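Data block below; observations after.
The values are calculated or read from the model by the stated rules, or taken from the named source; none is laboratory data. For clarity, every value in this text was computed on a predicted model and none was experimentally measured. All Cβ positions, even for glycine, are placed from backbone atoms using ideal geometry, and neighbour counts span all protein chains on display. These area figures cover heavy atoms from the full protein model, side chains too; ligands, DNA and RNA do not enter into them. Shrake-Rupley method; radii C 1.70, N 1.55, O 1.52, S 1.80 Å.
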Amino acid sequence: MRSYTLIAPAKINLYLEIIGDRPDGYHELAMIMQSIGLADQIDVRSLSIDTIRVHCNHPQVPTDKRNLAYRAAELMATQFPDTFAKYGGVEITINKHIPVAAGLAGGSTNAAAVLVGIDLLWNLGLTQSELEELGAILGSDVPFCIAGGTVIATGRGEQLAPLPNLDNIYIVLAKYRSLEVSTAWAYNTYRQQFGSTYIRDSASLTARANAVHSGSMVKAIANKNVVDIAQKLHNDLERVVLPEYPQVLQLRDVFASAEGVLGTMMSGSGPTVFALLESQQQAEAVKQQVRTAIPDEDLELFVTRTTTHGIKIASSV
Ligand code: ATP
């Protein structure tokens, strides 16, 4: 039986702007996504019987069809029925390190790893763009998670354009274990509160997305100017999540006043809040400062850094 072990990195959003509504019910977005070192490990192996099995060491993660990794395997089986019949089933083992329902694309990166793993397992030879197209069927963040790095994502998040790599920014992540924010709730609430300001005609939607492409955050990234990047952090969803979740607001405030923090922002629909720093030493010191300011065992803190890759093969047998 062949098997692959894959590294599936989480992401943060350096920029998230909600531009308008789309006919398919999703939002039209302009995002700058960044892969980070915090990652899950995914084992994908062939099974002699004709079935899909998922195991996960995290009690909150379902192992049935609700799991995005399961759905990724199912999609590959339906897209390539002859290959599925030839190679048999797939067993997926998820070793979770990324906090769940955190705004860090944990499920999406697991699904991306399964697409890459099965492509290898079944010798399909799919291109990156073919894998991204399959990923878009599973979820808006899945295409980004395949190649990862620093990327500008438009449309519903599936139209990707790579930006220069950022590989030396240190990050502290903070998330309350028991606090979850539903992504659907965040976007629907945003629509209810700010829908009247949405751009409606398609020419203006395109113009807005193009403005982000040539905007100040992209320039800061092109110049690899960490201080400037940290000042340009933006996330529209903070407008609905921060007033509703005082714990998230408190994390923002504690990070903002910690020594050495260049910038702080909520990632995606939250509730994870991150801070950007110039060195690992500063990041460790900020982690300690936050731990002292909020001595709550429910609060998880991680030090990590930006990374230039998405799904990576760790080993194969
Ligand atoms: P995003 O940033 O893409 O919105 P997220 O980080 O907020 O994602 P996930 O960690 O992907 O959220 O989890 C969202 C929900 O999806 C959870 O309630 C979880 O039970 C479910 N889920 C399904 N598959 C997975 C998976 N492989 N890993 C984690 N959660 C999963």
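For segment 170-305, count the residues as N, evaluate 2.2 N^0.38 Å, and divide the Cα radius of gyration by that value, please.
So the Cα radius of gyration is 1.16 times the expected 2.2 N^0.38 Å.
Please give the peptides 261-273, 283-295 ranked by average Cβ packing (other Cβ atoms within 10 Å per residue), highest first, as a rough proxy for protection.
261-273, 283-295
Tell me, what is the per residue accessible area of segment 170-305 in Å², probe radius 1.4 Å?
Using a 1.4 Å probe on heavy atoms only, each residue of segment 170-305 averages 48 Å².
What do you get for the angle between helix 280-293 and the principal long axis of the chain? Use alpha-carbon atoms, 0 to 90 degrees, nearest ten.
70 degrees
How high is the relative contact order of the chain, in percent, counting Cα pairs under 8 Å that sit 6 or more residues apart?
Rounded, it is 26 percent for the chain.
Over 25 Å between C-alpha atoms is what I'm after, so list which of Lys11/Lys219; Lys11/Lys224; Lys65/Lys175; Lys11/Lys287; Lys96/Lys219; Lys11/Lys86 land there.
Exceeds cut-off: Lys65/Lys175; Lys96/Lys219; Lys11/Lys86.
Please name which of Leu16, Thr272, Thr307 has its Cα lying farthest along the dipole of the chain towards the positive end, using unit charges on Cβ (Lys, Arg +1; Asp, Glu -1) and the Cα centre as origin.
Thr307
Two decimals is fine: what's Rg over Rh for segment 112-217, C-alpha atoms, Kirkwood radius as Rh?
Value, to two decimals: 1.02.
Using only Cα atoms, find the angle between the long axis of helix 68-79 and the longest principal axis of the chain, and express it within 0 to 90 degrees, rounded to the nearest 10.
With both axes taken from Cα atoms, the answer is about 40 degrees.
Leaving out ligands, DNA and RNA but keeping every protein chain, what accessible area does Asp21 have, in Å² rounded to the nearest 10, with a 1.4 Å probe?
Solvent-accessible area, nearest 10 Å²: 50 Å².
Under the rule of at least 5 residues apart or a separate chain, name every residue whose amide H is placed under 5 Å from the amide H of Met265.
Phe274
So, with +1 on the Cβ of K and R and -1 on the Cβ of D and E, and no other charges, what is the size of the charge dipole of the chain about its Cα centre, to the nearest 20 debye?
It works out to roughly 160 debye.
About the Cα centre of segment 92-239, what is the dipole size in debye to 20, counting +1 per Lys and Arg Cβ and -1 per Asp and Glu Cβ, all else neutral?
500 debye
On average, how much area does the Cα convex hull of the chain cover when viewed from any direction, in nm²?
Result: 16.0 nm².
Based solely on its DSSP helices, what 222 nm [θ] is calculated for the chain when runs of n ≥ 4 H residues each add -39,500 (n - 2.57) and the sum is averaged over all residues, nearest 500 deg cm²/dmol?
Helices in the chain give a 222 nm mean residue ellipticity of -11500 deg cm²/dmol.
Give the angle, between 0 and 90 degrees and rounded to the nearest 10, that separates the Cα long axis of helix 246-257 from the longest principal axis of the Cα atoms of the chain.
70 degrees
Near the amide H of Gly260, under 5 Å away, which other amide H atoms are found, from residues 5 or more places off or on another chain, if H is placed in the peptide plane?
For Gly260, whose amide H was placed from the backbone, there are no distant partners under 5 Å.
Amide H to amide H, which residues 5 or more places from Glu300 or on other chains are under 5 Å from it, using H placed in the peptide plane?
Amide H to amide H, under 5 Å and 5 or more residues apart or across chains, Glu300 pairs with Lys175, Tyr176, Arg177.
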